[in-house]
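A.B. asks: This is the structure I want to talk about, given as structure tokens.
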Amino acid sequence: MFHIIKSMDMPTYVGLMLTLIVIGIYYIIKYRRVKVPWIILVYFMVVNSIVLIINRIIEEYQSNTHLEKISSNVALISSGIFIASIFVVGIITKIKEKR
């Protein structure tokens, strides 16, 4: 799956990520009054998608620079936070279901 994403050209990749951002914003607006733990994942998904778009653009047009290394580190950290938040929200949801 990662090979498919890395082999995409820039307009296709940015279009895919913008679609994810629009879907995330739609669900943020739709469920803004509902108190569910998974809504935090939608917020993180939007932010992470923006970070990944910026990272890909920097990798494409400013490769082998200090900015590209910083961008890769930021993308790695934000993706790690997103994955950790998936586990935390899963645990919170499981605890709430037991009540």
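Bear in mind these aren't lab numbers, they're just calculated from the coordinates by the rules spelled out. Quantities reported herein were computed from a predicted structural model and do not represent experimental measurements. Heads up, the Cβs are rebuilt from the backbone with ideal geometry, glycines too, and the neighbour counts pull from every protein chain shown.
A.B. asks: Based on the mean of other beta carbon atoms within 10 Å per residue, what is the order of 18-24, 88-94, most packed first?
C.D. replies: Values: 18-24: 14.7, 88-94: 12.6.
Per-residue Cβ counts within 10 Å, averaged per peptide and sorted highest first, yield 18-24, 88-94.
A.B. asks: If each DSSP helix of 4+ residues adds -39,500 (n - 2.57) and the sum is divided by the residues in the chain, what number results at 222 nm, nearest 500 deg cm²/dmol? Write down the numbers at each step before the final one.
C.D. replies: On the way: 4 runs with 82 residues, N = 99.
Calculated at 222 nm, the ellipticity per residue is -28500 deg cm²/dmol.
A.B. asks: Quick check: net charge around PRO11, other residues with Cβ under 14 Å of its Cβ, Lys/Arg +1 and Asp/Glu -1?
C.D. replies: Values: positive: ARG56; negative: ASP9, GLU60.
After counting each charged neighbour, the total is -1.
A.B. asks: Any idea how many Lys pairs in the chain come in under 27 angstrom at the alpha carbon, given 8 or more places apart or on separate chains? All intermediate terms of the calculation are to be shown ahead of the outcome.
C.D. replies: Working: LYS6/LYS69; LYS30/LYS94; LYS30/LYS96; LYS30/LYS98; LYS35/LYS94; LYS35/LYS96; LYS35/LYS98.
Total qualifying Lys-Lys pairs in the chain comes to 7.
A.B. asks: Could you please report the charge total around ILE58, scoring K, R as +1 and D, E as -1 over all other residues with beta-carbon less than 15 angstrom from its beta-carbon?
C.D. replies: Values: positive: LYS6, ARG56, LYS69; negative: GLU59, GLU60, GLU68.
It works out to a net charge of 0.
A.B. asks: Mind checking the alpha-carbon convex hull of the chain and giving the volume per residue in Å³? Don't skip to the end; give the middle numbers.
C.D. replies: Details: hull volume 10.0 nm³, N = 99.
Once divided by residue count, the hull of the chain is 101 Å³.
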